[in-house]
Amino acid sequence: MAVGNAPAAEQSDNAADLAACNALISDPGLGGLDGGRTSSVARGGVVREPASSADTEIPAGSVPKVSKGFSVTVPVYFHVITQGNSEADGNVSQQMVRNQVDVLNRTYNAYYGGSDTAFNFKLIDTDRTRNADWFNMGYGSRAERAAKAALHRGGVNALNIYPVEGAGFLGWATFPKDAHSQVWMDGVVVASGSLPGGLIDRFNLGFTATHEAGHWLGLYHTFQNGCSTEGDGVDDTPAQRFPTSGCPEGQDSCPTDPGLDPIHNYMDYSDDPCYTEFTRDQSTRMSQQWLFYRAQ
Ligand SMILES: [Ca+2]
Ligand SMILES: [Ca+2]
Ligand SMILES: [Zn+2]
């Protein structure tokens with residue numbers, strides 16, 4: 001698929017509304033750590049996401065208690081957007097869509113390791129739209145708003161997934177805190193080539209959607225706030241100075257903070273085959289975010 005020409009996130013006119021992810025450009029100078037909530041970064045010719053300063057914190061004193069055995073089935077709507085009949089033009093098969101939902105269920109239920117989260121995903125419907133402008137939507141663009149306004153379904157508890165070209169990015173997502181103000185903008189955009197068996201080398205196991213759904217459920221990156229105690233707001237993910245590239249076993253970017261970098265965590269920027277887990281505290285955080293912002 002076509003890569004390159006990634007837009008700078010800073011061009012976005014509503015960057016604060018979006019937690020974004022995953023681009024495919026080869027200019028390491030574009031992104032880099034911005035000290036904010038997310039960052040875009042190049043590694044091996046791949047940049048994961050545009051920068052955003054959005055946050056999704058629950059007001060102090062209002063964090064819900066998560067009961068033991070709490071579980072949720074998230075209704076999923078797939079909106080496949082294409083500009084032609086080939087897979088490179090976005091025409092992913094229905095089997096790929098089903099496989100992506102399977103990957104969501106596996107990754108949120110500890111199939112590859114880590115914590116068995118509260119979340120299950122059920123595909124309710126798939127629609128297909130041929131629209132070249134929408135297929136090439138940029139992050140925060142007019143085309144993104146038009147496509148979502150036309151296609152979004154369900155309430156703030158529904159996960160709407162838009163496979164598109166990606167405009168250079170592998171994907172981006174909205175945070176729970178923003179769901180109510182613009183419910184039609186809520187959801188996850190992924191490059192169609194990131195679906196399981198898709199055309200983007202090293203990122204075609206479907207874990208981009210897992211990562212973006214992690215943002216959609218209220219998680220930051222493991223490298224959020226770099227080496228600091230605040231970090232990603234999750235106690236059991238070791239602090240991390242920068243996003244991971246590839247799968248560097250033993251990386252320790254915050255050597256004076258305990259633990260090696262959580263390079264196998266779905267909320268890092270590692271290659272798909274490197275990912276194996278969410279942690280227990282990430283699982284709890286997602287449940288809290290769900291109960292506060294998305295539960296119906
Ligand atoms: Ca942490
Ligand atoms: Ca460390
Ligand atoms: Zn991300």
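Is it true that Asp232 is over 21 Å from Pro196 (Cα atoms), buried (at least 16 other Cβ atoms within 10 Å of the Cβ) and touching a His at 6+ places or on another chain (Cβ under 7 Å)? The answer is yes for Asp232. The single residue among Gln224, Gln240 that is in contact (Cβ under 8 Å) with a residue 24 or more places away in the chain, over 30 Å from Asn131 (Cα atoms) and either surrounded by fewer than 24 Cβ atoms within 10 Å (Cβ to Cβ) or away from ligand 1 (no atom under 16 Å from the Cβ) (or both) turns out to be Gln224. In the set Gly198, Gly231, Gly155, only one residue is more than 16 Å from ligand 2 (Cβ to nearest atom), small (Gly, Ala, Ser), more than 25 Å from Ala295 (Cα to Cα) and over 10 Å from the mean Cα position of the chain (by Cα); that residue is Gly198. Evaluate the following for Gly187: is it within 14 Å of ligand 3 (Cβ to nearest atom) and under 22 Å from Gly154 (Cα atoms)? No. Among the residues in the stretch 154-167, are any outside any loop (DSSP other than H, G, I, E, B), surrounded by 14 or more Cβ atoms within 10 Å (Cβ to Cβ), aromatic (Phe, Trp, Tyr) and touching a Phe, Trp or Tyr at 6+ places or on another chain (Cβ under 6 Å)? Scanning the stretch 154-167, I find no residue that is outside any loop (DSSP other than H, G, I, E, B), surrounded by 14 or more Cβ atoms within 10 Å (Cβ to Cβ), aromatic (Phe, Trp, Tyr) and touching a Phe, Trp or Tyr at 6+ places or on another chain (Cβ under 6 Å), so the answer is no.
Condition test on His211, is it closer than 22 Å to Gly138 by Cα and within 16 Å of ligand 2 (Cβ to nearest atom)? Taking the combined requirement at face value, the residue does not satisfy it. Scanning the stretch 258-269 for any residue that is more than 13 Å from ligand 2 (Cβ to nearest atom) and outside any loop (DSSP other than H, G, I, E, B) turns up at least one such residue.
Note on the stretch 133-161: among residues that are under 16 Å from Val74 (Cα atoms) and touching a strand residue (DSSP E or B) at 6+ places or on another chain (Cβ under 8 Å), the one that is farthest from ligand 1 (Cβ to nearest atom) is Arg153. Of the residues that sit in the stretch 255-278 and are touching a residue at least 60 places away in the same chain (Cβ under 8 Å) and away from ligand 3 (no atom under 16 Å from the Cβ), which one is surrounded by the fewest Cβ atoms within 10 Å (Cβ to Cβ)? Here the answer is Pro273.
One residue stands out among those in the stretch 257-274 that are within 13 Å of ligand 1 (Cβ to nearest atom) and closer than 14 Å to Ala213 by Cα: the one that is farthest from the chain's Cα centre (by Cα), which is Asn265.
Listed by first and then second residue, the pairs linking a residue in the stretch 47-59 that is closer than 24 Å to Asp271 by Cα to a residue that is part of a loop (DSSP other than H, G, I, E, B) and modelled with pLDDT of 70 or more, with Cβ atoms under 6 Å apart and 6 or more places separating them unless they lie on different chains, are Arg48/Tyr269; Pro50/Tyr139. Is it true that Ser245 is in contact with a helix residue (DSSP H, G or I) (Cβ under 8 Å, 6 or more places away or on another chain), among the hydroxyl-bearing types (Ser, Thr, Tyr) and touching a residue at least 40 places away in the same chain (Cβ under 8 Å)? So Ser245 does not fit the description; no.
The values are calculated or read from the model by the stated rules, or taken from the named source; none is laboratory data. Computed from a predicted structure; not experimentally measured. Virtual Cβ from ideal backbone geometry, glycine too; neighbours counted across all protein chains shown.
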